[in-house]
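Visitor: Quick one: the structure is below, and I'll ask about it shortly.
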Amino acid sequence: MVQYSSAPLDASFAALSDATRRGVLEQLGRADASITDLAEKFHMTLTGMKKHVGVLEHAGLVTTEKVGRVRTCKLGLRRLEEETAWIERHRQLWASRFDELDKVVEELKRKEKVDGRKRRK
Amino acid sequence: MDARGESEPTPMKNPTTTERKSDRELVATRTFNAPARIVFEAWTRPELLKRWWAPKSFGLTMISCEADVRVGGTYRLVFRHDAFPEPMAFFGRYIEVTPHSRLVWTNEEGDGGGQVTTVTFEEKGGKTLLVMHDLYPSKEALDAAIASGSTSGTGETFEQLDELLVTLGESVGRS
């Protein structure tokens, strides 16, 4: 077995060791939800669901925000940061490609101009 | 440097944008200071494609580049990144080729979760707006691509977590 030593990972794996919590993450991957929604969905008391969400929150997998009387849960910042970073790397790769493509395009433009001039002669 | 004819201004680098448009879609855009037929040519002639697809500035080196750009034709691009010993191969099939305006191809290098890439070339006032649209078969497929595409330690971490979630998620009972 692979050994995981870092503390955040331990928290993540502990959080993931429970079927309900894995289900909650899957659910939040589709849409944000309130604790009440989640409790209903998983046939659980509000207190029970609060505990599960607390474990996920502690592991950084879920964030919650209370607006009025409703606490909304969404996938954690760690997931979102990871995605943002990936999209930025994706952008950088394509920006580098397109900068090289510019050079090819400029060359083709010059060629077309020269060929056009030759043809007119 | 090549001598530039007339008094053409030095071309500025146009910005590239990328965005996750939805659960299943990634979109990248870029404007080129040239007519669509020229930009299209650079995407469809393999000897030109190989000159820009694996930019040195990104640590990439092109190993081989084959592209039979016609409907049903296949492509195979093999390149290497400085940080990885193994070369990477990208391959698939062109499913739509409309001269100067549209290219669509499949990406078959992944494990069955391949996205379909559509590139459109839209000419306006001598410039071309290029839009590259990747449509993944599912949210999970794009999430997995994001997780596995990460090269950092956290990336590997999340890849493992995601694998776990996918495998375990399937067995979550919804009693």
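For (1) in contact with a His (Cβ under 7 Å, 6 or more places away or on another chain); (2) buried (at least 17 other Cβ atoms within 10 Å of the Cβ); (3) facing chain B (nearest Cβ under 7 Å); (4) without any contact (Cβ under 8 Å) to a residue 12 or more places away in the chain, each residue gets a yes or a no:
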residue: A:74; (1), (2), (3), (4): no, no, no, no
residue: A:83; (1), (2), (3), (4): no, yes, yes, yes
residue: A:99; (1), (2), (3), (4): no, yes, yes, yes
residue: A:102; (1), (2), (3), (4): no, yes, yes, yes
residue: A:107; (1), (2), (3), (4): no, no, no, yes
residue: A:114; (1), (2), (3), (4): no, no, no, yes
residue: A:117; (1), (2), (3), (4): no, no, no, yes
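Visitor: Looking at segment B:12-126, what strands (runs of 3 or more DSSP E) fall wholly within it and have at least 1 residues that are surrounded by fewer than 19 Cβ atoms within 10 Å (Cβ to Cβ) and free of Cβ contacts under 8 Å to residues at least 12 places away in the same chain? Before the answer, list the steps.
Guide: Details: elements: B:17-22, B:25-32, B:60-67, B:74-81, B:88-98, B:102-106, B:116-124.
In segment B:12-126, B:17-22, B:88-98, B:116-124 are the strands (runs of 3 or more DSSP E) which contain 1 or more residues that are surrounded by fewer than 19 Cβ atoms within 10 Å (Cβ to Cβ) and free of Cβ contacts under 8 Å to residues at least 12 places away in the same chain.
Visitor: Given the criterion at pLDDT 90 or above, under 29 Å from residue B:124 (Cα atoms) and touching a Cys at 6+ places or on another chain (Cβ under 6 Å), identify the matching residue among B:46, B:35, B:15.
Guide: On the way: B:35 fails: touching a Cys at 6+ places or on another chain (Cβ under 6 Å); B:15 fails: touching a Cys at 6+ places or on another chain (Cβ under 6 Å).
B:46 is the lone residue from the list that is at pLDDT 90 or above, under 29 Å from residue B:124 (Cα atoms) and touching a Cys at 6+ places or on another chain (Cβ under 6 Å).
Visitor: Right, something else. Can you name every residue in segment A:64-121 that is under 24 Å from residue A:34 (Cα atoms), of a type in the set (Gly, Ala, Ser) and in contact with a helix residue (DSSP H, G or I) (Cβ under 8 Å, 6 or more places away or on another chain)?
Guide: Within segment A:64-121, the first condition is being under 24 Å from residue A:34 (Cα atoms), and the residues that meet it are A:64-83.
If we keep only those that are of a type in the set (Gly, Ala, Ser) as well, we get A:68, A:76.
Scanning segment A:64-121 gives a single hit, A:76.
Visitor: If you check A:103, A:50, A:111, which single one turns out to be of a type outside the set (Asp, Glu), in the same structural domain as residue A:16 (by TED's automatic domain parsing), farther than 29 Å from residue B:22 by Cβ and in a helix (DSSP H, G or I)? So that I can check it myself, show each step before the final result.
Guide: Numbers: A:103 fails: in the same structural domain as residue A:16 (by TED's automatic domain parsing); A:111 fails: in the same structural domain as residue A:16 (by TED's automatic domain parsing).
Result of the check over A:103, A:50, A:111: A:50.
Visitor: Can you find, within segment B:81-96, the residue that is nearest to the chain's Cα centre (by Cα) among those that are away from chain A (no Cβ under 14 Å) and charged (D, E, K, R)?
Guide: This residue is B:93.
Visitor: Let me ask something else about it. May I ask you to verify whether residue A:39 is at pLDDT 80 or above, surrounded by 15 or more Cβ atoms within 10 Å (Cβ to Cβ) and small (Gly, Ala, Ser)?
Guide: On the way: at pLDDT 80 or above: yes; surrounded by 15 or more Cβ atoms within 10 Å (Cβ to Cβ): yes; small (Gly, Ala, Ser): yes.
Yes.
Visitor: Follow-up. Are any of the residues in segment A:69-82 over 29 Å from residue B:24 (Cα atoms) and either over 28 Å from the mean Cα position of the chain (by Cα) or small (Gly, Ala, Ser) (or both)?
Guide: no
Visitor: I've got another one for you. Please go through segment B:43-68 and give me each residue that is under 11 Å from residue A:97 (Cβ atoms) and facing another protein chain (nearest Cβ under 7 Å), ordered by number.
Guide: Within segment B:43-68, B:51, B:52, B:53, B:55, B:57, B:58 meet the criteria.
The values are calculated or read from the model by the stated rules, or taken from the named source; none is laboratory data. Keep in mind that what you see is a predicted model, and the values were worked out from it rather than measured. Here Cβ is always computed from backbone atoms with ideal geometry, including for glycine, and neighbour counts include all displayed protein chains.
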